[in-house]
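Here the structure comes first, spelled out in structure tokens, and everything after it is commentary.
Read-outs throughout are calculated quantities, based only on the coordinates presented, and are distinct from any laboratory measurement. These numbers were taken from a predicted model, which means no experiment stands behind them.
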Amino acid sequence: MQQIIVIHGGTTFQDYDTYLKSLSEKKLDIDRFIYHPMWKELLQDNLGSEYQVLLPSMPNSTNARYSEWKLWFEHISSLFSDNCILIGHSLGAIFLAKYLSENLLSVKVKATILIAAPYDDESIEDLTDFKIAKLSTKLTEQAGRLVFFNGIDDPVVSSVDLSKYQNQLPSAEFKILSAPDHFVRADFSELVNLLKNM
């Protein structure tokens, strides 16, 4: 059985007061509170019983801290099997890039797929301790097949972030799609097809 671990996105703030201000001033839309399964929740059904999709909930996703995510990820990694596939979306993608660049996993990774990965504060404000200064060779040595999905029209992650990954990771695969929704969608057939063909 092929194990897949998906690390979701989140938001970060420089300080707690800014976080509280954001909560009190956030524009409300009732559709936001109606459950609509997205590609992450649908991935297990779309892949079938030959796959095991793990969707760990990372700590404090609305006011994320890298040190907390790192601690939890290291704890849950005891459940990972050899030749697992890691998938990170948005903040989850930069988390995996940074973590694998700075730390060693105890399991062999078959592939790492990073979707809409930011890089630093140049295009996204307040990545706090998630931002990357420079990637190390540890990332490519243990990530397995390294694939990026980026959106040409992503409203959150700019092409500046993409170019930083491209410049440092020439052996990685880069798939550029339309993503006006920042890959917050139900249908992500390109990802499903990639996973089925690995």
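Below are the figures for this structure:
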{"read-out": "CD proxy at 222 nm, helix term only [per DSSP H run n ≥ 4: -39500 (n - 2.57); per residue of the chain; nearest 500]", "value": "-9500 deg cm²/dmol"}
{"read-out": "Of (1) 27, 20, 17; (2) 24, 20, 18; (3) 32, 17, 13, the label for semi-axes √(5λ) of the Cα gyration tensor in Å derived from the coordinates", "value": "(2)"}
{"read-out": "The range 60-85 versus the range 180-198: alpha-carbon centroid distance in Å", "value": "22 Å"}
{"read-out": "Too-long pairs where the Cα-Cα distance tops 27 Å, listed order kept, from LYS70/LYS138; LYS70/LYS196; LYS98/LYS175; LYS40/LYS70", "value": "LYS70/LYS196"}
